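Student: Pasting a structure here, questions to come.
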Amino acid sequence: DVMLQAFYWNSHGETKWSQLNSQAADIGETFDLVWLPPASAAEGGGGMNMGYHPWKWSSLSSSWGGLSELIALIKSLHAKDCKVIADIVINHAGCKSSWCDFYEQNFGEYGVFQPDASWIAKTDELNNASDAGSCKGKATGEEDGGYNMQDNYGAARDWAHAKPEVQEMMKAYLKWMKNVIGFDGWRYDYAQGFKGHYINMY
C-alpha cells in the first residue's frame, strides 16, 4: 500500500478537511491510505494549532475543520477505497485552566471520563514545578517512562498508562474514533514517551 501524508507543519491554509474533500477523488485514484493530522480540540485554540497538545479528544473541532467536515472527508475517501489513518496523541494532554484541570471526555456509548491529576505520572512537572500552585503533588500515577525511562514530555501532562481508568479512557477513545467517526487506523504520536506494551494493549 502507498500512504499520503495529507498535511505538513502549518499547512492549515491548504489542507483543511473541506479542501482535502474536494481532492478526495484524485487522492483515492493514487493512494491506498491517507494520514490525517490530530483532529481533536487542542491547547492553543484554532488558527495555526497543529493539535499535538490535545485537551478535549471528544471534540473534533480543530484548525483543520469541524466534525461534519471530517466525517464528509472520511466518507469521500472510503468511497474511493482509500483508508484513513488518524494521528493519535495519547502520551500527553493539555490542561483546561491550570496544571491539573482537565476537560471531560465524552465518547457516547463508549463512556464518559473525567480525568484528574491522579491520572498523571508522578514524575510529571506537575509535582515539582514552582508555579504548579495547588496542583503540586497531586499526580500519583506510576513514574513516567517510555524508551529508556527518560522520555518525560515537559510541555504537557503525561498520562499514567498503568492506571486502569487511563487505559479504559484510551480504549473508549479509539473505539469511538473507529466505530463512530470512521477512521481505519492510527499513527501513534510520541510513542517513545510510554511503554510499548500499551500500544499492544490498545
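The values are calculated or read from the model by the stated rules, or taken from the named source; none is laboratory data. This is a predicted model, so every value here is computed, not measured. Backbone-built Cβ (ideal geometry, glycine too); neighbour counts: all protein chains shown. Surface accessibility is based on the protein's heavy atoms, side chains included, excluding ligands, DNA and RNA. Shrake-Rupley method; radii C 1.70, N 1.55, O 1.52, S 1.80 Å.
Student: Among what's in segment 70-87 and is under 26 Å from TYR190 (Cβ atoms) and within 20 Å of the chain's Cα centre (by Cα), pick the residue that is most open to solvent (accessible area, probe 1.4 Å).
Tutor: Selected residue: LYS83.
Student: Tell me which residues, restricted to segment 95-106, are crowded, with 20+ Cβ neighbours inside 10 Å and either touching a Gly at 6+ places or on another chain (Cβ under 8 Å) or modelled with pLDDT of 95 or more (or both).
Tutor: Correct list: TRP99, PHE102, TYR103, GLN105.
Student: Mind checking which residues of segment 3-57 are β-branched (Val, Ile, Thr) and under 28 Å from MET170 (Cα atoms)?
Tutor: Listed by number, the residues that qualify are THR15, VAL34.
Student: Of the numbered conditions (1) assigned to a loop (DSSP other than H, G, I, E, B); (2) open to solvent by 40 Å² or more (accessible area, probe 1.4 Å); (3) over 30 Å from GLU29 (Cβ atoms), GLU109 satisfies every one except a single condition; which is it?
Tutor: So GLU109 meets the others, but not (1).
Student: Might you let me know whether segment 134-146 holds any residue that is in a helix (DSSP H, G or I) and at pLDDT below 95?
Tutor: Yes - at least one qualifying residue is present in segment 134-146.
Student: Any idea which of ALA129, ALA191, ALA156, ALA172 is open to solvent by less than 60 Å² (accessible area, probe 1.4 Å) and more than 30 Å from SER68 (Cα to Cα)?
Tutor: Result of the check over ALA129, ALA191, ALA156, ALA172: ALA129.
Student: Inside segment 1-55, can you point out the residues that are hydrophobic (A, V, I, L, M, F, W, C) and loosely packed, with under 12 Cβ neighbours inside 10 Å?
Tutor: Selection gives VAL2, TRP9.
Student: Name the single residue, out of those in segment 112-128 being of a type in the set (S, T, N, Q) and not in a helix (DSSP H, G or I), that is modelled with the highest pLDDT.
Tutor: Step by step, filter segment 112-128, then rank; the result is GLN114.
Student: Quick one: is GLY182 open to solvent by less than 60 Å² (accessible area, probe 1.4 Å), at pLDDT 90 or above, on the phi > 0 side of the Ramachandran plot and touching a helix residue (DSSP H, G or I) at 6+ places or on another chain (Cβ under 9 Å)?
Tutor: For GLY182, the condition - open to solvent by less than 60 Å² (accessible area, probe 1.4 Å), at pLDDT 90 or above, on the phi > 0 side of the Ramachandran plot and touching a helix residue (DSSP H, G or I) at 6+ places or on another chain (Cβ under 9 Å) - is met.
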